[in-house]
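A short write-up of the structure that comes next.
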Amino acid sequence: MRERVSTDGQSSWGGPSARRGRLGHLTRFACALAAWGALLHAAPAVAAATLPSGFTETQVAGGLSSPTAMAFAPDGRLFVCQQGGQLRVIKNGVLLPTPFVTLSVSASGERGLLGVAFDPNFASNQFVYVYYTATTPAIHNRVSRFTAAGDVALGGSETILLELDNLSAATNHNGGAMHFGEDGKLYIAVGENANGANSQTLSNLLGKMLRINSDGTIPADNPFFTQAVGKNRAIWALGLRNPYTFAFQPVTRRMFINDVGQNTFEEVNEGLVGANYGWPDTEGPTTNPNFRTPFYYYGHGGGLFGGCAITGGTFYNPSTQQFPVEYGGDYFFADYCGGWINYLTDPSNTNAVANFASGISFPVDLQVGPEGALYYLARGASAGAGVVFRVEYTANQAPAITQHPSNQTASAGQTATFSVAASGTGPLSYQWQRDGVDINGANSSAYTTPPVSAADNGARFRCLVSNAFGSATSNEAVLTVVSNRPPVATITQPAAGALYSGGDTINYAGTGTDPEDGTRPASAFTWEVVFHHDTHTHPFIPPTSGATGGSFTIPRTGETSANVFYRIHLTVADSGGLTHTTFRDVRPRTVTITLAASPSGPQLTLDGQPVATPHSFVGVVGMTRTIAAPSQSVGNFSYTFRSWSDGGAQTHTITTPSVNTTYTASFRKKKQQ
């Protein structure tokens, strides 16, 4: 039996649990992109996730750049979307060096290459579908179809199927997941582009679940076909905020939509034709008969059952079940900030949930492989750190090396760390060897050398892993010792403690010096800007090389929280490949805004969400917000809008001022008969 947690968050036990404690769980979702310090160019080891007893994981591919989504082709190849526009292929366990296709995309914020799907008749037509942020004639998301020619797309085969609405300056909430249903139609999840009003209208495709034919035409049995016009007839369900992933259960056709919440709840919604999930009027559970309440939801926060962004989901119904029988039909889902994978233990009857994995570095997608293993895609905490892992059930098995130690390069006087990962029944024992000889005390999955010298150059390291059922020896990794010392990166602009307002242009610049090379040229510089929101992060400017400085403009729309800042990273490389990274934070100017009503009693709305008055909140100066004073009835009285204190219309947009301000809506109050 497995531990279960009911929807009110209280634990209940169905029997003994064999779960282990977490490894490296993100304490209160601490921001992952901290200072990297002086790093050598060898890739760091990827920490193993904590899994239930009897399960192990194997790294399938690493070194992925800002991965966003993945999907299995019917022939078993795994395709992985990279945000920058490259669709990568993993074939027979190997990441192929040549992308299937490289698209020209806008990759700012949460834009980019965001989804991939395969035609149900792929074996005969070789059609591959992608969802990406196109740059012309205006920035918008697009669904296109390509024809595969082996492991690459046939040149000139792109067929544009659907052009979504032009995007605002806000770069978040794009959705992007795509799957074919059992009905042969292509379903497409679309975010509301950080504008809640988009979710409740049939006049655009934002904040919706769409349904189209495989050739891009729109099925006449779509629920709003006669109410909407043009491409908006593709709308199948509405009221979504940012449905980053969704999944179909094989055979049953059941759909679960994972909708990323704002302040309070993450949602698993049952996908139903014509449904309205209530955003921005509701978040989480609702009793409003006009809206569909979530099948399951969880709150924001820490621990194994709280998070900030639901980013992956899949039903465990493979044709060959590799997991124990009790997992059959369960729904697995992941949280980006929590770094965990949980599962609904019986989604046909109950929404009880249990933890499956923790300690994952920013998971973004889940899929079940054709052999019955669970695959997860993790974005990683730094550029190029994206990985795909395969999780299998391996109870009562001898060890097998799942990740061999890699060659390391270290400067004289520094240390080097070698690591190994293995599957097999625990407990596992480790013994590191240097040049075939046991190293005293080197008995963990990682080994760090003492400070090295030229005499250590060429030393070979390997690890013997054993348990009660046998042993396995890793490949050898070679240590290279260089006299070269790493460079020093320095950010000179913006100044430490710099503040921003919405609409500001932030200039950045830096220097790079190296003990051996002297001043480093622009080609040695790589910049990255990461947007931090509460306890998690969003990409803003992807890693970009070739300049000693640059600039970016702070959007006036998008994330409305004041608990935000931008982190500018600079990495400088020397001629020998050693690097050093530093960062500089730019934080917002904030003020307190109060929304009041006169006389008291009526509700107002802020960015489309109802708020009781008076309502005070902290906002970022220069950001635009929408406030409204709907006429309404409260108790025995009716309230009819008269005016706002700033002279604005009943519904109007404000630019957050630089001083604390109160906006008061005046109403005419009348007792109802």
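The values are calculated or read from the model by the stated rules, or taken from the named source; none is laboratory data. What you are looking at is a predicted structure, and each value in this text was computed from that prediction instead of being measured. Glycine also receives a Cβ, built like all others from the backbone with ideal geometry; neighbour counts cover every protein chain displayed. For accessibility, only protein heavy atoms count, side chains too; no ligands or nucleic acids. Shrake-Rupley method; radii C 1.70, N 1.55, O 1.52, S 1.80 Å.
Listed values, structure above:
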item	result
Counted residues, the stretch 141-181 - those being part of a loop (DSSP other than H, G, I, E, B) and touching a strand residue (DSSP E or B) at 6+ places or on another chain (Cβ under 7 Å)	11
Cβ-Cβ under 6 Å pairs, at least 6 apart or on other chains, the stretch 599-620 side among the small types (Gly, Ala, Ser), far side outside any loop (DSSP other than H, G, I, E, B)	GLY601/VAL634; GLY608/GLY196; GLY608/ALA197; SER616/THR592; SER616/THR594; GLY619/ILE593
Filter result for THR526 (in a loop (DSSP other than H, G, I, E, B), open to solvent by less than 50 Å² (accessible area, probe 1.4 Å) and polar (S, T, N, Q))	no
Near pairs, Cβ below 9 angstrom, 6+ apart or cross-chain, from the stretch 354-368 (of a type in the set (Ser, Thr, Tyr)) to any residue that is assigned to a strand (DSSP E or B) and open to solvent by less than 20 Å² (accessible area, probe 1.4 Å)	SER358/THR50; SER358/TRP340; SER358/ILE341; SER361/ALA378; SER361/VAL387
The stretch 625-654, residues that are surrounded by 15 or more Cβ atoms within 10 Å (Cβ to Cβ), in contact with a Lys or Arg (Cβ under 8 Å, 6 or more places away or on another chain) and within 29 Å of ALA169 (Cβ to Cβ)	ILE654
Failed criterion for THR581 (all others in (1) open to solvent by 20 Å² or more (accessible area, probe 1.4 Å); (2) in contact (Cβ under 8 Å) with a residue 40 or more places away in the chain hold)	(1)
Selected residue (only one of ASN355, ASN351, ASN317 is open to solvent by 30 Å² or more (accessible area, probe 1.4 Å) and more than 16 Å from ASN258 (Cβ to Cβ))	ASN317
The lone exception for CYS337 - which of (1) open to solvent by 10 Å² or more (accessible area, probe 1.4 Å); (2) in contact (Cβ under 8 Å) with a residue 24 or more places away in the chain; (3) outside any strand (DSSP E or B) it fails	(1)
Failed criterion for PHE180 (all others in (1) among the aromatic types (Phe, Trp, Tyr); (2) open to solvent by 10 Å² or more (accessible area, probe 1.4 Å); (3) farther than 30 Å from PRO539 by Cβ hold)	(3)
Candidates GLN403, GLN408, filtered to the one that is open to solvent by less than 30 Å² (accessible area, probe 1.4 Å) and either charged (D, E, K, R) or over 30 Å from ILE541 (Cβ atoms) (or both)	GLN408
Candidate set: the stretch 452-474, residues that are farther than 21 Å from ASN440 by Cβ and surrounded by 14 or more Cβ atoms within 10 Å (Cβ to Cβ); chosen: the one modelled with the lowest pLDDT	ASN467
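Here is a yes/no grid of residues against (1) closer than 25 Å to ASP183 by Cβ; (2) modelled with pLDDT under 95; (3) open to solvent by 10 Å² or more (accessible area, probe 1.4 Å):
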{"site": "GLY274", "(1), (2), (3)": "yes, no, yes"}
{"site": "ASP281", "(1), (2), (3)": "no, yes, yes"}
{"site": "THR287", "(1), (2), (3)": "no, yes, yes"}
{"site": "LEU304", "(1), (2), (3)": "no, yes, yes"}
{"site": "GLY307", "(1), (2), (3)": "no, yes, no"}
